[in-house]
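See below for the structure under consideration.
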Ligand SMILES: [Zn+2]
C-alpha cells in the first residue's frame, strides 16, 4: 500500500491509500478519486511530507504546514498594508529621500518608493537600511486619469525604466 497526500483544485488536502502508484493513476483517471471536502475530481498529488506510520499525525502535520503557509501569506499582506498606510510614497525620489533621512537632512519617517537594483546597492553600501516590499505589486500599472493619486502618477510617469524594485526605508520598523 502506498499513501498519497492529495490536493483538489480548491486546495483541500487529504490523503488516500492506493495499492501502488499505477492504482492511483488508474483511479484518478477514472475520476474515482474525489475530494472528501467538496467532491471535486480534479485531484493532484501534493508534495510529500515525511509520513509517520499510524495515520493521524501526518495529516495534522500537513494541515499545520498548510496553516503556516497561509499565515505567512497573511503576514506579507499585513506588512504591505502597514507600509502603504503608514509610509509616504515617494516614487522615483526614493534613493534621494532615503539618503536625506539617513544623513539627518530630513525628519526620520517611513517612506517607500522605487529604486533600481544599482540604486539599492548604493544605498546599502552607504549603510542606509532598505528592504524590498514583500508581496505582489498592487498599484495598477495601467494608465489612470486619477492624477490626484501620487502612486498612479508616479507609476505612470513616461519613460520610467522597467525592472525597478519597490523598496522601503525601514528605519521606523527597527
Ligand atoms: Zn476539495
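Packing, taken as the mean count of other beta carbons within 10 Å per residue, orders the peptides 61-74, 88-101, 3-16 from highest to lowest as 88-101, 3-16, 61-74. Shape of segment 88-134 from its Cα gyration tensor (a ≥ b ≥ c, root eigenvalues): rounded if a/c is under 1.5, otherwise prolate when a/b > b/c, or oblate? Note, shape of segment 88-134 comes out oblate.
Since every read-out is calculated from the coordinates, none of them should be taken as a lab result. The structure presented is a predicted model; accordingly, all values stated were derived computationally and were not measured. We place every Cβ from the backbone using ideal geometry, glycine too, and count neighbours over all the protein chains shown.
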